[in-house]
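Everything on this sheet refers to the single structure shown next.
The values are calculated or read from the model by the stated rules, or taken from the named source; none is laboratory data. Because the structure is a prediction, the values reported are computed rather than measured. Positions of Cβ are backbone-derived with ideal geometry, glycine not excepted, and every protein chain shown enters the neighbour counts. To get the accessible areas, we keep the full protein, side chains included, count just its heavy atoms, and leave off ligands, DNA and RNA. Shrake-Rupley method; radii C 1.70, N 1.55, O 1.52, S 1.80 Å.
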Amino acid sequence: MTQRDVPPRWDRTMQQRLARGEAAALGELYDRFASLVHGLAHRVLGDEEAADTVTRDVFAHVWEHPDAYDPGREPLRTWIAVLTRGLAVERLRTAKTAALARGGAGSAEDLEHQVRRASVAARADYIVHAMPVPLRSALELAYFQRRDYQQTAADLGVTEDEARRRLRLGLQLLATAHDTEAPGAPPGIGGVA
């Protein structure tokens with residue numbers, strides 16, 4: 001079962017287990033979402049060590065504040081992604097502001113531009129990982145393996161029309177990474193915090 005197929009009941013149960021202080025629940029949550037958290041943090045920060053720190057901070061926050069998550073509002077995966085992005089962007093701003101205060105190169109406008117670019121990259125990464133596997137597979141074949149829609153159709157074992165449909169829909173979803181107020185977008189992923 002993929003992360004996207006996990007029923008909301010799992011989210012509620014996990015939140016309840018964390019609220020009871022079950023260390024095994026934190027371990028299970030870490031196993032399931034650590035790669036997502038680290039990937040998003042690295043995408044924003046561009047630094048392995050800083051991404052490791054944000055990953056630790058995210059799971060520490062989840063452990064210390066399990067009641068901050070509301071299973072009725074959004075999936076746990078989305079909440080963790082939004083939390084990650086917020087902490088990573090805040091860390092990026094803090095580091096850049098400190099560099100500016102020390103007389104480092106750049107300006108406040110450069111910092112905001114970099115934060116916006118990092119936000120779009122993190123949102124695109126989140127969208128790709130959250131999209132249904134058939135769409136993601138079609139995009140990976142077409143863009144990473146440089147297949148045209150006919151080759152993509154053959155590789156996926158679908159009709160050419162279906163391959164074009166999957167590519168078009170995948171690209172439409174990915175295009176929302178630039179939208180700061182995309183309808184249905186996870187809050188905080190698209191806009192600049």
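Per the conditions (1) open to solvent by less than 70 Å² (accessible area, probe 1.4 Å); (2) free of Cβ contacts under 8 Å to residues at least 12 places away in the same chain; (3) within 27 Å of Leu76 (Cβ to Cβ), the sole criterion not satisfied by Tyr126 is (2). Out of curiosity, is Tyr143 out of contact with any helix residue (DSSP H, G or I) (no Cβ under 8 Å at 6 or more places or on another chain), of a type in the set (Phe, Trp, Tyr) and modelled with pLDDT under 80? Yes, satisfied.
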